[in-house]
Structures are given as structure tokens and as C-alpha cells.
1. Restricting to region 72-81, name every residue that is loosely packed, with under 15 Cβ neighbours inside 10 Å and either of a type in the set (Ser, Thr, Tyr) or over 23 Å from PHE37 (Cα atoms) (or both).
2. Conditions first: (1) modelled with pLDDT of 95 or more; (2) surrounded by fewer than 12 Cβ atoms within 10 Å (Cβ to Cβ). SER137 passes all but one, so which condition is the exception?
3. State the number of residues belonging to region 1-58 that are β-branched (Val, Ile, Thr) and modelled with pLDDT under 65.
4. Can you say whether VAL65 is closer than 18 Å to GLN115 by Cβ, at pLDDT 90 or above, outside any helix (DSSP H, G or I) and of a type outside the set (S, T, N, Q), as far as the supplied structure shows?
5. Going by the conditions given, is ASP85 among the acidic types (Asp, Glu), free of Cβ contacts under 8 Å to residues at least 60 places away in the same chain, closer than 18 Å to ASN49 by Cα and loosely packed, with under 14 Cβ neighbours inside 10 Å?
Amino acid sequence: MKKLMILCAVILGFTITASAQTDTKSEFKFASEKYDFGKVPQAKPVTTNFEFTNIGEEPLILTEVRPTCGCTIADYTKTPIKKGDKGTIKITYNAAVPGVFNKSIVVTSNAKTPQKVLVISGEVVAAAAAPASTNGSK
């Protein structure tokens, strides 16, 4: 009976060790997952780049980068990113309406963590009114 228990424990140990070593999926690591534009002028689109590295074993493939509103445009590395290589997600926000903004971008991939959420924020300030022109008459 004692030998049977030891044998079961050894088999269980090998099974757990083997399953832990087979996880070779891709995985990304972002330098930062948030970006604050600060104050941006109204009607002037602003852009930032989110850089990431594939820290997994398999090639990383981004299948979709979806902003949560129509005021944000995303462009991204569309080729597979090999282990240790870098990729970029370029986000452009169209600062059309004055006020504070906080927007999310959902990144979907074949990674171990299949979805990541990037966040951009800031404050759109109204364009200053043009000063009244003076033509020299009083």
C-alpha cells in the first residue's frame, strides 16, 4: 500500500511538471498600458505609440485592435512578432469636443492573455477665439 501511494505521488509530480513546461504560448509585455496626453487643443488630432515585446516562445499575432469610440483610430504591427521582437500599436485621438477624455483600446491576440486593454486620457481645451483685428480706426 505504501509503495502504491509513493508511485501515485511520483506520477502526479511528473504530470504537473510536464504540464507546466508545455506552456509555450506567446505573451506580450507593454512598456506602458496607459498614456496621458495632458492638455490638447481642440480639433488637433494627437498620436501616441504603445510599444510591446513578445516575451513568449511562439510568434505573437495581433488579431484585432479595437478602440471603444469612433474618435480614436488604431494602427498596429500586422505581421507575427517572434520571441523577443517588438511591435507597435499607434493610437490617434481626434480631439473634437472640449473636456476630459478617458478612452480604452481592446487588443486581441493569440497570447496567453488573449485580451489587453490600453488606455489614453487627457483634456481637450477649446481653441482660443481669434483676437479682434484692428484696422487703425477708432
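The values are calculated or read from the model by the stated rules, or taken from the named source; none is laboratory data. Please read these numbers as outputs of a predicted model, since none were measured by experiment. Here Cβ is always computed from backbone atoms with ideal geometry, including for glycine, and neighbour counts include all displayed protein chains.
1. LYS78, THR79
2. Of everything listed in (1) modelled with pLDDT of 95 or more; (2) surrounded by fewer than 12 Cβ atoms within 10 Å (Cβ to Cβ), SER137 misses just condition (1).
3. Qualifying residue count for the region: 5.
4. Values: closer than 18 Å to GLN115 by Cβ: yes; at pLDDT 90 or above: yes; outside any helix (DSSP H, G or I): yes; of a type outside the set (S, T, N, Q): yes.
When the stated conditions are applied, VAL65 passes them.
5. Details: among the acidic types (Asp, Glu): yes; free of Cβ contacts under 8 Å to residues at least 60 places away in the same chain: yes; closer than 18 Å to ASN49 by Cα: yes; loosely packed, with under 14 Cβ neighbours inside 10 Å: no.
No, not satisfied.
Residue-by-condition table, conditions (1) outside any strand (DSSP E or B); (2) loosely packed, with under 12 Cβ neighbours inside 10 Å; (3) among the hydroxyl-bearing types (Ser, Thr, Tyr); (4) over 14 Å from the mean Cα position of the chain (by Cα):
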site	(1), (2), (3), (4)
GLY38	no, yes, no, yes
THR53	no, no, yes, no
GLY70	yes, yes, no, yes
THR92	no, no, yes, no
VAL100	no, yes, no, yes
ILE120	no, no, no, no
